[in-house]
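Remarks on the structure that follows.
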Amino acid sequence: MSVPRLSPPVPTADADAATEAMRERGLRITAARRLVVEALHGAGRPVTAEELASGMYGRFPRADLASVYRNLETLEDAGLVQHMHLGHGPGLYAPTGSASEYVACERCGRSQAVPRASLDALRGAVRAAVGYEASFTHFPLMGLCPVCVDKRDCGA
C-alpha cells in the first residue's frame, strides 16, 4: 500500500519558486532535480514518473527513470511534490500547493481536481460517523462521473 508523506506542503507558483524553496531547505539544485520541477510545473496536470522520464512528449530532455523517482521522493519529503493515485494505474505527481482534492470515476477513469472546501460536508459526515478525518489528495473520492451515471441510467 502506498503511504502519503506527512511533510507540510510547500506551495510554489512556478519552477523558479520551487527552486528557491529547495535552496531554503538545503537541497542541492541538480540538473536532474531542476528538470523534474520544471516538467511538473509545466505539465498542468498530475503526471507519472514515466512521463517525466520520457521527456513529457518531447517538451523536455529524457531522464533516467530511477533518477526521476529519487528526485520525486526527495521533493515529496521536502513538501514540494504531492504523490497521488487517481483510480487504477501508476502513481501521479504534481506540485503541492493547490487547495484541490480529487474525484475519480471507477468506470471510465476520468479524474478531476475539486476545491477542498467542496468536500467539507462529506469530510464532516465521515468524522461524525467513524471519527476519521477524510482526505482526498493521495487517494481520490471514487464513484461514477456524471457521464457514466447517465449511461448507466439509460441502460447503455
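Every number in this text was worked out from the coordinates using simple rules, so none of it is lab data. Given the structure is predicted, the values throughout are model-derived calculations rather than measurements. Backbone-built Cβ (ideal geometry, glycine too); neighbour counts: all protein chains shown.
So if each residue of separation counts as 0.36 nm, and I subtract the Cα-Cα distance between Asp150 and Leu122, what length gain in nm does that give? It would help to have the intermediate numbers written out before the result.
Details: separation 28, 0.36 × 28 = 10.08 nm, distance 2.28 nm.
Gain in length upon complete extension: 7.8 nm.
Could you give the dipole magnitude of the chain about its Cα centre, charging the beta-carbon of Lys and Arg +1 and that of Asp and Glu -1, in debye to the nearest 20? The partial results should precede the final answer.
Values: 17 positive and 17 negative charges, 25 e Å.
Dipole about the Cα centre, nearest 20: 120 debye.
By how many degrees, 0 to 90 and rounded to 10, does the Cα axis of helix 120-130 deviate from the longest principal axis of the chain?
70 degrees
Counting only the backbone N, which residues of segment 81-96 are under 13 Å from the spot 7 Å out from the Cα of Glu50 toward its beta-carbon?
Answer for segment 81-96: 89-92.
Can you tell me which of 49-61, 82-94 comes out highest on packing, and rank the rest after it, using the mean Cβ neighbours within 10 Å?
Working: 49-61: 15.2, 82-94: 17.8.
Result, highest mean Cβ count within 10 Å first: 82-94, 49-61.
Based on Cβ point charges of +1 for Lys and Arg and -1 for Asp and Glu, what charge dipole magnitude is obtained for segment 1-88 about its Cα centre, in debye rounded to the nearest 20?
Working: 10 positive and 11 negative charges, 23 e Å.
It works out to roughly 120 debye.
Quickly work out the Leu141-to-Arg107 label distance, labels modelled 7 Å from Cα along the C-beta direction, and quote it in nm with one decimal.
Those two pseudo-labels are separated by 1.9 nm.
Over the chain, what is the relative contact order in percent, taking alpha-carbon pairs closer than 8 angstrom and at least six residues apart?
21 percent
Going highest first, how would you order 36-42, 68-74 by mean Cβ packing within 10 Å?
36-42, 68-74
For the chain, what size does the Cα cloud have along each of its three principal axes, sorted from largest down, in whole Å?
Rounded to whole Å, the extents work out to 52, 37, 28 Å.
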